[in-house]
Amino acid sequence: VEIVTTYDRSTLINAAVDNLWKKLAEEFIVVAIVCALFLFHIRSSLVIALSLPVGILAAFIVMHSQGINANIMSLGGIAIAIGAMVDGAIVMIENVHKHIERTPLTDKNRWQVIGKAAEEVG
C-alpha cells in the first residue's frame, strides 16, 4: 500500500498564515495611531494594540491544545475575531475614559470607577 499526496494545501495555508501576520501588524499600527489621535492617551492605545497579539497567541494555544489545525476556516475565524476584539477594547477604554473625566480619581475609588465603566459595557 502506497500513500500518494494528490492535493497539498500547505502552500495555501502558509500563505494564509503569512497574510494573517501582515494584517495583524497593519491593524496593530492603525489601531495604535487612531486610538492615540482620538483618545489623546498613548497608554490606552498601547493597551488596545497589545491585546491583538495576546488574543491571537491565546487562540493558537487553545487550537494547539485541542488538536485543531490552522486551516483556512480557522484562520478566517481568527481574522474576524480580531475585529471584534479591537472593537470591544476600544468601546471599553472609551467608556473608562468618560467615567474618569466625570469622577475625580483617588486611590480608593480608581478600581470602583473602572469596574462601574466595565459593568456598563458588559
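The values are calculated or read from the model by the stated rules, or taken from the named source; none is laboratory data. Since we're looking at a predicted model, the values are computed, not measured. In this analysis, Cβ positions are derived from the backbone assuming ideal geometry, glycine residues included, and neighbour counts consider all displayed protein chains.
Which one is farthest from G88 (Cα to Cα), of the residues in the stretch 105-122 that are aliphatic (A, V, I, L, M) and under 25 Å from the mean Cα position of the chain (by Cα)?
Taking the stretch 105-122 first, the residues aliphatic (A, V, I, L, M) are 105, 113-114, 117-118, 121.
Now restrict to residues that are under 25 Å from the mean Cα position of the chain (by Cα): 113-114, 117-118, 121.
On the way: V113: 18, I114: 15, A117: 13, A118: 11, V121: 9 Å.
Looking at the filtered set, the residue picked out is V113.
Report the residue count in the stretch 41-62 for those that are modelled with pLDDT under 85 and either over 18 Å from K23 (Cβ atoms) or of a type in the set (K, R) (or both).
Looking only at that region, the number is 7.
For every residue, the table says whether it meets (1) surrounded by fewer than 15 Cβ atoms within 10 Å (Cβ to Cβ); (2) among the β-branched types (V, I, T); (3) closer than 30 Å to E101 by Cβ.
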site	(1), (2), (3)
A16	no, no, no
N19	yes, no, no
A32	no, no, yes
L39	no, no, yes
R43	yes, no, yes
P53	yes, no, yes
I56	no, yes, no
I82	no, yes, yes
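Within the stretch 88-104, can you find the residues that are surrounded by fewer than 13 Cβ atoms within 10 Å (Cβ to Cβ) and over 23 Å from the mean Cα position of the chain (by Cα)?
E101, R102, P104, listed by residue number.
Any residue that is part of a helix (DSSP H, G or I) and either of a type in the set (K, R) or in contact with a His (Cβ under 6 Å, 6 or more places away or on another chain) (or both) - is there at least one of those in the stretch 18-29?
For the stretch 18-29, residues part of a helix (DSSP H, G or I) and either of a type in the set (K, R) or in contact with a His (Cβ under 6 Å, 6 or more places away or on another chain) (or both): present.
Report whether or not A117 is touching a His at 6+ places or on another chain (Cβ under 7 Å), without any contact (Cβ under 8 Å) to a residue 40 or more places away in the chain and surrounded by 12 or more Cβ atoms within 10 Å (Cβ to Cβ). Step through it out loud before you land on a result.
Working: touching a His at 6+ places or on another chain (Cβ under 7 Å): yes; without any contact (Cβ under 8 Å) to a residue 40 or more places away in the chain: yes; surrounded by 12 or more Cβ atoms within 10 Å (Cβ to Cβ): yes.
Judged against the criteria, A117 is a match.
Hey, G77 hits all of (1) under 23 Å from G122 (Cα atoms); (2) surrounded by 15 or more Cβ atoms within 10 Å (Cβ to Cβ); (3) modelled with pLDDT of 80 or more but one; which does it fall short on?
Looking at each condition in turn, G77 falls short on (2).
Can we say G67 is of a type outside the set (S, T, N, Q) and on the phi < 0 side of the Ramachandran plot?
Judged against the criteria, G67 is not a match.
Do we find that S65 is assigned to a helix (DSSP H, G or I) and modelled with pLDDT under 90 in this structure?
Considered against the rule, which asks whether it is assigned to a helix (DSSP H, G or I) and modelled with pLDDT under 90, S65 comes out as no.
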